[in-house]
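Trainee: Structure provided below as structure tokens; questions to follow.
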Amino acid sequence: MDPSADMLVTARRAATAAGTGNVLWLLGSDTDLPALGAWRLALGAVTIGQALHWMDHETVFADFRPILREGGGLPW
């Protein structure tokens, strides 16, 4: 998930070049995380690059917990 459509294009290209196909690319920001619960997602892993310092990390981690599958991971 990224708030920049251009960054998502770059990410998709890099993933395709690497042969990675099991990634969900979404346009949005950390404040959109609660809406993902409606999709009944079961994410296996979450990574956050250098953007965490712009987020309320406690809220972000709490918002991810309901959409992580059992055994899924988030570095907190």
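Trainee: What residue, of Ala38, Ala18, Ala62, is among the aliphatic types (A, V, I, L, M), over 14 Å from the mean Cα position of the chain (by Cα) and modelled with pLDDT of 85 or more? Break it down stepwise before answering.
Mentor: Working: Ala38 fails: modelled with pLDDT of 85 or more; Ala62 fails: over 14 Å from the mean Cα position of the chain (by Cα).
Only one candidate passes the filter, namely Ala18.
Trainee: Working only within segment 5-45, note down all residues that are β-branched (Val, Ile, Thr) and within 14 Å of Phe64 (Cβ to Cβ). Working first, answer last.
Mentor: Initial filter on segment 5-45 (β-branched (Val, Ile, Thr)): 9-10, 16, 20, 23, 31.
Residue satisfying the conditions is Thr31 alone.
Trainee: Within segment 27-43, which residues are surrounded by 12 or more Cβ atoms within 10 Å (Cβ to Cβ) and either among the β-branched types (Val, Ile, Thr) or out of contact with any helix residue (DSSP H, G or I) (no Cβ under 7 Å at 6 or more places or on another chain) (or both)?
Mentor: Passing the criteria: Gly28, Ser29, Thr31, Asp32.
Trainee: Just to verify a result, which residue in segment 13-26, among those that are among the small types (Gly, Ala, Ser) and in a helix (DSSP H, G or I), is surrounded by the fewest Cβ atoms within 10 Å (Cβ to Cβ)? Full working, then the answer.
Mentor: Filtering segment 13-26 down to residues among the small types (Gly, Ala, Ser) leaves 14-15, 17-19, 21.
Cutting the leftovers down to in a helix (DSSP H, G or I) gives us 14-15, 17.
Details: Ala14: 10, Ala15: 14, Ala17: 8.
Checking each candidate, the answer is Ala17.
The values are calculated or read from the model by the stated rules, or taken from the named source; none is laboratory data. Please read all numbers here as calculations on a predicted model, not as lab measurements. All Cβ positions, even for glycine, are placed from backbone atoms using ideal geometry, and neighbour counts span all protein chains on display.
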